[in-house]
1. For the range 35-66, give me each residue that is among the small types (G, A, S), out of contact with any helix residue (DSSP H, G or I) (no Cβ under 8 Å at 6 or more places or on another chain) and at negative phi.
2. Within the range 70-111, which residues are assigned to a helix (DSSP H, G or I) and in contact with a Phe, Trp or Tyr (Cβ under 8 Å, 6 or more places away or on another chain)?
3. Which residues, counting only those in the range 324-339, are part of a loop (DSSP other than H, G, I, E, B), at pLDDT 95 or above and not small (G, A, S)?
4. For the range 342-356, how many residues are surrounded by fewer than 16 Cβ atoms within 10 Å (Cβ to Cβ) and either of a type in the set (V, I, T) or assigned to a helix (DSSP H, G or I) (or both)?
5. Consider the range 306-354. How many of its residues are of a type outside the set (S, T, Y) and touching a residue at least 40 places away in the same chain (Cβ under 8 Å)?
6. Mind listing whichever residues of the range 175-215 are surrounded by fewer than 19 Cβ atoms within 10 Å (Cβ to Cβ), acidic (D, E) and in contact with a strand residue (DSSP E or B) (Cβ under 9 Å, 6 or more places away or on another chain)?
7. Give the number of residues within the range 1-48 that are in contact with a Cys (Cβ under 6 Å, 6 or more places away or on another chain) and under 23 Å from Q181 (Cβ atoms).
8. Within 26 Å of the chain's Cα centre (by Cα), under 29 Å from F229 (Cα atoms) and without any contact (Cβ under 8 Å) to a residue 60 or more places away in the chain: does that describe K11?
Amino acid sequence: MTGITLSGVSKHFGAVEVIRDVSLDIEPGELVVFLGPSGSGKTTLLRMIAGLETIDQGTLTIDGVRSENLAPGRRNVAMVFQNYALYPHMTVAENMAFGLKNIRVAPDVIRQRIAEAARILEIEALLQRRPSQLSGGQRQRVAIGRAIVKEPKAFLFDEPLSNLDAALRARTRVELAELHQRLKSTMIYVTHDQVEAMTLADRIVILNNCRIEQMGRPVDVYARPASRFVATFVGSPAMNILPVTVSGSGDRLNARLTDGSLVELPGAPVNRDWRELGVRPESLTVVAEGNETSATATVVERLGERTLVYARLADGTQVTAQDRGLSSVKPGDAVRLKFDTTALHLFAADGSAWHASADGA
């Protein structure tokens, strides 16, 4: 298994900076997901590792070997592209064999590798078909198979599921997770889909504005976002961010919302300039009664196991809350919303954050 290390890596296209001083260690056998909005630099960073883009500054080490100046073919990594890049006039077997033939691998070795990759991906029956005779999911498997036969030190995936429909994307996502468990290879996966990131990754690297905003296990990134950007980018629906005025002393701080209601902040640090309160929809729930925040439901989404209630506070502030699956709430109803004080987040003017779930850490 292969580790990959980036140290102080930067990239410009002319005067435009796309990657700024990125440092990252990827452990052998780890599946790391690069997640971020369009233009955040995630695909460029992947292509720099593959050798398809030059590294302007910094170093790249693959399996202990300095690699930033090596040709792509000498880095022994395999990239799976978003558009599959299959040769339409070749069969599946010929597509998978093409790269091996170019580097003069023995024919019997090629046959063995194709047979093993086809077995792993369950595409033995497709080997004599051409790409036009395959579904989107089958084409994606062939593209992955073409990478597997190279026996690379690491796999690089550039949004490989973005061309599939929702149901097929979900199935293929599970297959990729199973593939990683079987191969135990180092994998880097680029996506803008946070569901893919949360379900596939050992660690997520969140890129924003040319740099790494946060990296960590999916559960940690979700529960303890390092910044307001991460808090709103990770999670669907997005975290509610509410302007607040924080007052009190000791362990009895309160956040006053713009509609005048108060939310207790047990354990929140006193000596910071807190400006915004963050609460995820599942931590802002509809309750039948009590001295809670009042709101008016505007849109109700019934999702089976839960109901999302989009509501407006008394001053017009929009929030997203959650109710039980068999909710009776209708648009226009007055509702009461309860804040889970064990799962709140505070964001300060200097960019610092506090998370109740981390006991104030």
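1. Scanning the range 35-66 gives S38, S40.
2. Answer for the range 70-111, where residues must be assigned to a helix (DSSP H, G or I) and in contact with a Phe, Trp or Tyr (Cβ under 8 Å, 6 or more places away or on another chain): E94, N95, F98.
3. Within the range 324-339, V329, K330, P331, D333 qualify.
4. Summing the residues that are surrounded by fewer than 16 Cβ atoms within 10 Å (Cβ to Cβ) and either of a type in the set (V, I, T) or assigned to a helix (DSSP H, G or I) (or both) in the range 342-356 gives 1.
5. Count: 26.
6. If the condition is that a residue be surrounded by fewer than 19 Cβ atoms within 10 Å (Cβ to Cβ), acidic (D, E) and in contact with a strand residue (DSSP E or B) (Cβ under 9 Å, 6 or more places away or on another chain), then D193, D202 are the ones that fit.
7. 0
8. Taking the combined requirement at face value, the residue satisfies it.
The values are calculated or read from the model by the stated rules, or taken from the named source; none is laboratory data. As the structure is a prediction and not an experimental result, all values here were calculated from the model. All Cβ positions, even for glycine, are placed from backbone atoms using ideal geometry, and neighbour counts span all protein chains on display.
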